[in-house]
Structures are given as C-alpha cells and as structure tokens.
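The values are calculated or read from the model by the stated rules, or taken from the named source; none is laboratory data. What you are looking at is a predicted structure, and each value in this text was computed from that prediction instead of being measured. Here the Cβ positions follow ideal geometry from the backbone for every residue, glycine too, while neighbour counts run over all protein chains shown.
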Amino acid sequence: MQAVERSVELLRAVAASSGSDCSAAALAHRCGLQRTTAWRLLMTLESQGMVMRDQRNGWFSLGPTLLQLRASVGGDSLVEAAQPVLERLSLETGETACLGIVDGDQVHYTAEVIPAVAHEESWLGQRVHLHASSMGKAFLAFIEPQRVESILGAHPPRYSAATITRLDDLHAELDRIRTRGYALYRGELENDDSWGVAAPIFGSLGQPLAVLCLWGPDDRGDQARLQALGRMTRHAARELSL
C-alpha cells in the first residue's frame with residue numbers, strides 16, 4: 001500500500017511540475033522520498049505508460065496511459081466527443097469509421113459507425129496488435145522509439161505476408177507515417193482485400209491519446225483515394241485533440 005501511495009504522490013508531483021522540476025531528483029525532494037525509491041517507482045510508472053521520460057534531459061511528464069484514462073472520464077468522454085465526428089466521416093466517405101484506444105500492445109476498437117449501405121463486418125470490441133493495423137501504427141509513430149521496442153519486443157509476430165516484423169523496417173514505416181500524419185493498412189493483419197487509414201488524437205502534452213480510422217474494401221481504395229481519406233482522417237483527429 002505504501003508503494004501505491006508514493007506512486008500517486010509522484011504522479012501528482014509530475015502533473016503539478018514542469019521543466020527541471022520534473023527531474024527524478026526534484027520529484028524525489030518534492031515527495032520526501034529517497035532518490036533510489038523515487039527512481040524505482042518512476043521506472044515502474046514509465047513501464048505502464050503512466051509517465052514518460054524525455055531522453056534528452058531525463059525530465060518526466062504524464063504518460064499516454066494516464067492521459068487516456070483522463071480522456072475517458074466524465075460526461076465529456078473521448079468516446080462521446082468522437083461519436084459525431086465518426087458519424088460525419090462515415091457519411092461523407094461511405095466507409096466505416098472507428099475510434100481505437102491503445103491498451104498495452106493492442107488497440108481496442110472502442111466506437112464504430114458503419115454506413116447503412118455497407119455490408120462490412122463490425123470490429124467493435126475487438127483488439128488487434130499495434131504493428132499489424134493502421135490505428136496501431138498511427139499510435140506507434142508518435143511515441144518515443146524506445147517505447148515502440150519496449151511494447152512490441154524484439155520480434156513482433158507475423159500475421160500475414162505483409163506484416164512488418166523487423167524493427168528496422170517498422171521504424172522506417174513509422175518515419176513515413178510521421179511525415180504524412182496518417183498511417184495506412186494494406187493486409188498486415190490478414191491476407192485480405194481491405195484497406196485502412198488512421199491518424200492519432202493528441203493530448204495536451206503532444207502524446208497520442210487515441211486513434212481515428214477509416215476502412216473499407218480494396219475496390220474502393222486506390223492510391224489517390226487513400227491519400228484523400230488519410231488527410232480527412234488526420235484533420236478529424238486534430239479536431240478531437242486536446
């Protein structure tokens with residue numbers, strides 16, 4: 001119980017501080033903890049995504065897991081806020097629109113709008129691995145590279161011939177996603193004929209909270225259309241960013 005109480009105190013200190021006041025030494029002093037104790041607790045919190053550490057200076061800030069929890073609490077939850085955006089995207093494009101929340105090494109399909117004219121399978125409530133989906137890759141592209149490897153491990157599993165399993169190749173793909181602002185899916189999870197585009201929703205500290213996605217069958221996914229849909233999804237995700 002004492003470790004839990006100390007961890008909560010550290011989280012409060014991180015939330016209330018900025019800059020050099022968020023170093024491990026400063027946080028330990030603020031919470032009345034020995035540096036070794038504070039460091040051990042901060043490393044545990046970091047491993048769970050509750051805090052994140054800037055590799056350049058070692059300063060801590062609130063992590064994506066805590067931001068996701070905060071975003072889903074109360075009447076103005078992220079899911080509620082996203083619903084009209086999903087409905088608009090689906091209506092304008094005629095495709096299925098989804099909201100995903102990342103949990104560990106998977107993305108959870110949390111909300112979904114399927115157009116009435118479509119006959120697509122629902123993915124609501126399902127979970128897929130991050131490296132094998134457009135939503136997962138959109139999330140991975142905007143977190144620290146070392147966290148990508150910590151989440152996925154050295155050998156991400158293969159699900160289809162298109163799955164990216166080498167970390168060097170995956171980091172190159174994530175670089176491309178950061179450049180254009182959205183991710184593409186072309187059969188990395190299943191040997192299917194579907195496509196997907198996804199863009200992250202950012203929290204106030206610039207970390208991805210969740211992901212918006214559009215997906216549909218291959219016969220409606222030529223390159224020019226995917227680029228246009230990717231830009232639409234990116235713009236919609238920015239509307240929901242804090």
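Points to keep in mind about this one:
Listed here are the residues, each with its yes/no results for (1) among the hydrophobic types (A, V, I, L, M, F, W, C); (2) under 25 Å from Ala236 (Cα atoms); (3) buried (at least 19 other Cβ atoms within 10 Å of the Cβ); (4) touching a strand residue (DSSP E or B) at 6+ places or on another chain (Cβ under 9 Å).
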{"site": "Pro156", "(1), (2), (3), (4)": "no, no, yes, yes"}
{"site": "Asp175", "(1), (2), (3), (4)": "no, yes, no, no"}
{"site": "Ala183", "(1), (2), (3), (4)": "yes, yes, yes, yes"}
{"site": "Gly187", "(1), (2), (3), (4)": "no, yes, no, yes"}
{"site": "Gly196", "(1), (2), (3), (4)": "no, yes, yes, yes"}
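- Residues of the stretch 1-20 that are within 23 Å of Gln55 (Cβ to Cβ) and either surrounded by 15 or more Cβ atoms within 10 Å (Cβ to Cβ) or among the basic types (Lys, Arg) (or both): Ser7, Leu10, Leu11, Ala13, Val14, Ser17.
- Single residue of the stretch 209-236 satisfying the filter (out of contact with any Phe, Trp or Tyr (no Cβ under 7 Å at 6 or more places or on another chain) and under 17 Å from Leu78 (Cα atoms)) that is surrounded by the fewest Cβ atoms within 10 Å (Cβ to Cβ): His235
- Meets criteria (farther than 21 Å from Leu209 by Cβ, out of contact with any Pro (no Cβ under 9 Å at 6 or more places or on another chain) and either of a type in the set (D, E, K, R) or in the same structural domain as Ala82 (by TED's automatic domain parsing) (or both)) for Gly187: yes
- The set of residues in the stretch 1-56 that are assigned to a loop (DSSP other than H, G, I, E, B), at pLDDT 90 or above and either in contact with a helix residue (DSSP H, G or I) (Cβ under 6 Å, 6 or more places away or on another chain) or not small (Gly, Ala, Ser) (or both) comprises Leu33, Gln34.
- Some residue of the stretch 80-101 being among the hydroxyl-bearing types (Ser, Thr, Tyr), under 24 Å from His235 (Cα atoms) and assigned to a helix (DSSP H, G or I): yes
- Residue that is nearest to the chain's Cα centre (by Cα), among those in the stretch 198-208 that are assigned to a loop (DSSP other than H, G, I, E, B) and buried (at least 18 other Cβ atoms within 10 Å of the Cβ): Gln207
- Single unsatisfied condition, Ile143 versus (1) more than 30 Å from Ser90 (Cβ to Cβ); (2) modelled with pLDDT under 90; (3) assigned to a loop (DSSP other than H, G, I, E, B): (1)
- Residue-level check: of (1) surrounded by 14 or more Cβ atoms within 10 Å (Cβ to Cβ); (2) assigned to a helix (DSSP H, G or I), Glu239 misses just (1).
- Test: residue in the stretch 119-126 that is surrounded by 13 or more Cβ atoms within 10 Å (Cβ to Cβ), assigned by TED's automatic domain parsing to the domain that holds Gly230, in a helix (DSSP H, G or I) and acidic (Asp, Glu): no
- Any hit, the stretch 217-236, residues being in a loop (DSSP other than H, G, I, E, B), of a type in the set (S, T, N, Q) and more than 18 Å from Ser122 (Cα to Cα): no
- Within the stretch 203-225, restricting attention to residues that are in contact with a strand residue (DSSP E or B) (Cβ under 6 Å, 6 or more places away or on another chain) and of a type in the set (A, V, I, L, M, F, W, C), the residue that is farthest from Ser241 (Cα to Cα) is Trp215.
- Out of Glu95, Glu87, sole residue that is acidic (Asp, Glu) and buried (at least 24 other Cβ atoms within 10 Å of the Cβ): Glu95
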